[in-house]
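Below is one structure, written out as structure tokens, with a few remarks after it.
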Amino acid sequence: MDSDTEIVSIQNLSFSRGDRKIFNDISLSIPRGKITAIMGPSGTGKTTLLKLIGGQLYPDQGSVLVDKQNVHQLKRSDLYTLRKRMGMLFQSGALLTDINVFDNVALPLREHTTLSESMIRSLVLIKLQAVGLRGARDLMPNELSGGMARRVALARAIALDPMMIMYDEPFTGQDPISLGTLVKLIKEMNNVLGLTSIIVSHDVEETIGIADYIYVLSEGKIAGQGTPEQIKNLDSEWVQQFMNGHADGPVHFHYPADNYHKDLFEN
Amino acid sequence: MIRFFQHLGHTTTSSFAKLGRSFFFLTHTLTASASVIPRPRLLTNQLYSVGVLSFLIITISGLFVGMVLGLQGFYILSDFGAEETLGVMVAASLVRELGPVVAALLFAGRAGSALTAEIGLMKATEQLSGMEMMAIDPLKRIIAPRFLAGFIAMPLLAALFSSVGVLGGHIVGVGTLGVDDGAYWSQMQAGLDFQDDIINGIIKSIVFGFAISWISLFEGYDAIPTSEGVSRATTRTVVNSAFTILGLDFILTALMFGDI
């Protein structure tokens, strides 16, 4: 893939926490203007990958290029300039709990621009309208449902019109209606605003429904990649187990343990 | 035996690492403090929550401490027929020691623990991480205003504590035990030195305010982002603040009033 069409390029990345290797020499690239999903079971370091892309964590080896800049070699001020162009939607929403919805969405605008308060008001209302929560502007974050909080966080993430958005488990713990709303919003944002979306998720159905390209991670490696069609037909036992949700397979149901009989009767 | 030394080594290195992180944190906070100036609103909000909301506990405690001092002082001084000097005794104890120290201990319990819990929970709910990803430095937006607020509020609260305490001593000494009103005030005026007593007391409370803000914000920022981690950090704030206040008080007193 040439560098004009790819927005994030990860090369030979290794990262470990303590003795545990989270990523072992992985390379992947994320195309501009598309929805790319990174899937895998809990604990495979999907969120860690987003934090590495955002420059919050440092890799042991390898490089992460975002828009042709090496994230981990940038000066702090340049990193902050780059971050203004990347939005991130946290699983919890990460809204500031001491200010209301309006001020939360206005926060990046107030911090990073010199726009007048009336201009900021219009922009915030436009963003809130886009996620359908213009009427909720005076609520405090603790008065919002989980799905609403995530939508407010989405409005805040697009406040500065970034070039890409990273979604951390956007579908987890949502009721069917907010799930549908989020899926629709992510797709719309991508098409209407021409953003690049990176979705980290283990919700197979929803992700397959909107992703253009999928990477499946397992034990620090890329276990499979391709378009949703290709992934469904991929000849890998592991990927099939994950995609179809089988309880046993290459990933065992049991956490490694001593012999069961011995454990019960010989102690 | 080997395990003991391993444990000892681990504890030592990790506490030095923590000390290093805390100094790193302090220098960053101090440099970030300049960014509060164009946004005074952030500071006033924090002054309200750490300062104004501590008003009641400081006032009531100050009043009772002053009343107890008046009572105890009167019984001891009257043995020597020196009850007229009650005013200077109450005021000197408050301004030199009890004002700064007790107000600081109360402040650490009331405001310091709240700061740690707040920052720790912000960390646990990814609010700090979220700000970083929005290219907003949490040290500038969250930590620095709180640090300055603690630093400014502490001397004012200590002064309030001492003033209310002097009134409490007056209520008991003059109001109920019959010390002469004029003697209470004039002895105080004559016996206290502005430089030696009042300024030194203020210096103490500034140092304590600095230490409490530093400890409580750092503990919150460094907390393990789980409910257990935040609860431990809050406890550490109160315990470490108390040790630090009492230890610093001894050092400062020795420097100010002793001949060391």
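Below is a table of values for the structure above.
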| read-out | value |
| --- | --- |
| Reciprocal of mean inverse Cα separation for chain A (Kirkwood radius, Å) | 19.9 |
| Structure-based [θ]222 nm, chain A - -39500 (n - 2.57) summed over DSSP H runs of at least 4, per residue, nearest 500 | -10500 deg cm²/dmol |
| Fraction in percent of alpha-carbon pairs per bin - 5 Å, region A:25-95 | 3, 13, 24, 27, 20, 11, 2 |
| The protein assembly as shown - convex hull of the alpha-carbon atoms, volume per residue in Å³ | 239 |
| Amide hydrogen neighbours beyond the local backbone of A:Leu89, cut-off 5 Å, H modeled | A:Met166, A:Tyr167, A:Asp168 |
| 0 to 90° range, to nearest 10: angle between helix B:2-32 axis and chain B longest Cα axis | 80 |
| Ellipsoid equivalent to region B:131-176 - semi-axes via the Cα gyration tensor, in Å | 43, 7, 4 |
| Under 16 Å from the Cα of B:Lys123 - aspartates and glutamates, other chains or at least 8 residues apart | A:Asp98, B:Glu132, B:Asp137, B:Glu219, B:Asp222, B:Glu228 |
| Per-residue ³J(HN,Hα) for region B:128-143, Karplus 6.51 cos²θ - 1.76 cosθ + 1.60, θ = phi - 60°, Hz, x for Gly and Pro | 5, 4, x, 5, 4, 6, 8, 6, 10, 6, x, 5, 7, 7, 10, 6 |
| With Cα atoms, 0 to 90° folded angle of helix B:55-79 axis to chain B main axis | 40 |
| Cβ-placed point charges (K, R +1; D, E -1), dipole of chain B about Cα centre in debye, nearest 20 | 1320 |
| Interchain or long-range residues, amide H under 5 Å from A:Gln61's placed H | A:Ser14 |
| Charge dipole of region B:48-257 about the Cα centre (unit charges at C-beta), most positive-ward option of B:Gly70, B:Val239, B:Ile224 | B:Ile224 |
| Amide hydrogen neighbours beyond the local backbone of A:Thr196, cut-off 5 Å, H modeled | A:Gly33, A:Met164, A:Ile165 |
| Directionally averaged shadow of region B:48-257, computed from the convex hull of its alpha-carbon atoms, nm² | 12.4 |
| Entries of A:Lys75/A:Lys221; A:Lys34/A:Lys232; A:Lys127/A:Lys232; A:Lys21/A:Lys127; A:Lys187/B:Lys140 with Cα pairs more than 28 Å apart | A:Lys75/A:Lys221; A:Lys127/A:Lys232; A:Lys21/A:Lys127; A:Lys187/B:Lys140 |
| Nearest-ten-degree value, helix B:113-124 long axis tilted from longest Cα axis of chain B | 10 |
| Under the Karplus curve 6.51 cos²θ - 1.76 cosθ + 1.60, θ = phi - 60°, whole-Hz ³J(HN,Hα) for region B:167-177, x wherever Gly or Pro sits | 5, x, x, 5, 4, 6, x, 7, x, 10, 9 |
| Cα convex hull volume per residue for region A:104-219 (Å³) | 126 |
| Value in Å of the Kirkwood radius, where region A:186-254 supplies the Cα pairs that are averaged | 13.2 |
| Highest average packing first - A:58-65, A:30-37, A:174-181, Cβ atoms within 10 Å | A:30-37, A:58-65, A:174-181 |
| Radius of gyration, Dmax [region A:1-155; alpha carbons; angstrom] | 17.8, 52 |
| Pairwise Cα inverse-distance average, inverted: Kirkwood Rh of region B:1-113 (Å) | 18.6 |
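Readers should treat all values here as calculations from the given coordinates under stated rules, not as data from a laboratory. Remember, it's a predicted structure, so these values are computed and weren't measured experimentally. So basically every Cβ, Gly included, is an ideal-geometry build from the backbone, and we count neighbours across all protein chains shown.
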